[in-house]
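Engineer: Submitted below is the structure of interest, expressed as structure tokens.
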Amino acid sequence: MVMLKIQDVLDELSLIENDASVPRNVKSRIKNAISLLTHQTESDMSLRIDKSLEELGDVAEDPNLPQYARMQIWSVVSQLEGK
């Protein structure tokens, strides 16, 4: 069940990452968050989620981020905090 929801989060993050209006530095940090969530050698999922939440929190504060992308990121953060 948790993996299914993580996959939903990963899908949303991929959509943001592939959006042409999102700045490159933000895309890079989103890519880092995706990598953290999918990193299989880190056994504790809650630790992986915490690290990605930190990354996404920083991304959401970027002043160059379009407002709709910021809302998508906060939606993802909300989903991850519920895990």
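Engineer: For S75, which of the numbered conditions (1) within 10 Å of the chain's Cα centre (by Cα); (2) in a loop (DSSP other than H, G, I, E, B) fails to hold?
Structural biologist: Exception for S75: condition (2).
Engineer: Looking at E55, E12, E17 in this structure, which one is surrounded by 12 or more Cβ atoms within 10 Å (Cβ to Cβ) and in contact (Cβ under 8 Å) with a residue 40 or more places away in the chain? Can you show your working first?
Structural biologist: On the way: E55 fails: in contact (Cβ under 8 Å) with a residue 40 or more places away in the chain; E17 fails: in contact (Cβ under 8 Å) with a residue 40 or more places away in the chain.
Answer to the selection: E12.
Engineer: Regarding segment 29-43, can at least one residue be identified that is small (G, A, S), buried (at least 16 other Cβ atoms within 10 Å of the Cβ), in contact (Cβ under 8 Å) with a residue 24 or more places away in the chain and not in a loop (DSSP other than H, G, I, E, B)? Can you show your working first?
Structural biologist: Keep residues of segment 29-43 that are small (G, A, S), which gives 33, 35, 43.
Okay, now just the ones that are also buried (at least 16 other Cβ atoms within 10 Å of the Cβ), so 33.
Then keep just the ones that are in contact (Cβ under 8 Å) with a residue 24 or more places away in the chain; that gives 33.
Still in the list and also not in a loop (DSSP other than H, G, I, E, B): 33.
Scanning segment 29-43 turns up at least one residue that is small (G, A, S), buried (at least 16 other Cβ atoms within 10 Å of the Cβ), in contact (Cβ under 8 Å) with a residue 24 or more places away in the chain and not in a loop (DSSP other than H, G, I, E, B).
Engineer: Out of (1) modelled with pLDDT under 90; (2) in contact with an Asp or Glu (Cβ under 9 Å, 6 or more places away or on another chain), what's the single condition that is false for R29?
Structural biologist: (1)
Engineer: Being without any contact (Cβ under 8 Å) to a residue 12 or more places away in the chain, of a type in the set (K, R) and in a helix (DSSP H, G or I) is true for just one of R70, R48. Which residue is that?
Structural biologist: Unique residue meeting the criteria: R70.
Engineer: Could you list all residues from segment 57-68 that are over 11 Å from the mean Cα position of the chain (by Cα) and of a type in the set (A, V, I, L, M, F, W, C)? Give the derivation first.
Structural biologist: We begin by selecting, within segment 57-68, every residue over 11 Å from the mean Cα position of the chain (by Cα); these are 61-68.
Scanning segment 57-68 gives a single hit, L65.
The values are calculated or read from the model by the stated rules, or taken from the named source; none is laboratory data. Because the structure is a prediction, the values reported are computed rather than measured. FYI the Cβ positions are ideal-geometry reconstructions off the backbone, even for glycines, and counts take in every protein chain you see.
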